[in-house]
Amino acid sequence: MQITDLDKKIISRLQGDLPLQPNPYAAVAEEVGITEEELLQKINAYLKSGILRRMGTILRHHKAGFNANAMCGWNVPAEKVEEVGPIMAQFKEASHVYHRPTYPDWPYNLFTMLHGKSKEDLEEVAAQISKETGITDYKLLYSTKEYKKTSMKYF
Amino acid sequence: MKQSAANLSGFDREILNILQSRYPLVSRPYAAIAQEVGLTEEEVMKRVATLKESGLVRRIGGIFDSQKMGFSSTLVALKVQEDKTDAVAQAVSAYPGVTHNYQRAHEFNVWFTLVTRSEEELQKTLNEIMDLDGVVKLRNLPALNLFKIGVNFDMSEA
């Protein structure tokens, strides 16, 4: 979809925090200079076109009791990627499943972000995914330091 | 007020599940949530305020798709000399398009995500990062396909 200057203004505002009040959309609409109804129509249009994935919140995992997370790389034969990807996606402990390119020193082409309450949890989930998909070559990468975690400011 | 998953009430968990996946697109979203969980609008808003103060809820807003908006994005793995890891990671984090940046226990010890306005800007940024003192290898891992995206945690089990 064509993104107009008004859209940029709206998107920029929606990337921030909605005010915690009974009519948050009305408040945002007023800031942007449109009506509440127009704003809701815009949001629905963004959802329909796919530029907006959803309205809602992102939780801080660490505070949500999901203290452990790991990026897991899977070495999946090229011809099995389309079959294995959806199986991995069904695991509720896997928040993201991506297919990415490989290199001689990085043979893992499917990526899952795994979340759990402990390192043992994550190992268990990875073992279950391995069992269900038949993919036995995988690498769990634990984060040892968080340098940055933000949302992109597009406009 | 200190709050962790351990002392969240059943109402809080229900509210969090709704906030995460289907924040209502109606004039009075908290009234809609209240009706669903069986509280008053005021009680729901009070609980949401506490959840925000506790830091569990970062923000309530729009979650956009960078690709669909015409932006380029990728995941990058860096192999950085051990003693230069922090310095390199800080230089990487300074780019506004770097949204996530982690040190990980692997030969590739710094992993970050990058969003840029164009493919050219993405390449230019990667070239600059490759030239940082201490960077041994850079592996560009743009998504070829996406099977799942969306960090949804079932709070009823947290």
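The values are calculated or read from the model by the stated rules, or taken from the named source; none is laboratory data. Just so it is clear, the model here is predicted, and its values are computed rather than measured. Heads up, the Cβs are rebuilt from the backbone with ideal geometry, glycines too, and the neighbour counts pull from every protein chain shown.
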In the stretch B:24-83, the residues that are more than 26 Å from the chain's Cα centre (by Cα) and charged (D, E, K, R)
B:28, B:36, B:41, B:42, B:43, B:82, B:83
Whether any residue in the stretch B:91-99 is under 21 Å from residue A:141 (Cβ atoms) and not hydroxyl-bearing (Ser, Thr, Tyr) is what I want to check.
yes
Within the stretch A:121-140, is even one residue within 12 Å of another protein chain (Cβ to nearest Cβ), surrounded by 18 or more Cβ atoms within 10 Å (Cβ to Cβ), of a type outside the set (Asp, Glu) and within 15 Å of residue B:149 (Cα to Cα)?
no
If residue B:106 satisfies all but one of (1) part of a helix (DSSP H, G or I); (2) surrounded by fewer than 19 Cβ atoms within 10 Å (Cβ to Cβ), what's the number of the condition it fails?
(1)
Can residue B:82 be described as touching a residue at least 60 places away in the same chain (Cβ under 8 Å), more than 7 Å from chain A (Cβ to nearest Cβ) and closer than 25 Å to residue A:113 by Cα?
no
For the stretch A:81-96, give me each residue that is more than 8 Å from every other protein chain (Cβ to nearest Cβ) and under 14 Å from residue A:115 (Cβ atoms).
A:91, A:93
Does residue A:94 meet the test of being within 16 Å of residue A:71 (Cβ to Cβ), touching a residue at least 24 places away in the same chain (Cβ under 8 Å) and in contact with a Phe, Trp or Tyr (Cβ under 7 Å, 6 or more places away or on another chain)?
no
Could you identify the single residue in B:84, B:79 that is over 28 Å from residue A:43 (Cα atoms), in the same structural domain as residue B:127 (by the TED database), modelled with pLDDT of 95 or more and assigned to a strand (DSSP E or B)?
B:79
Residue among A:52, A:18, A:47 that is more than 30 Å from residue A:126 (Cα to Cα) and over 17 Å from the mean Cα position of the chain (by Cα):
A:18
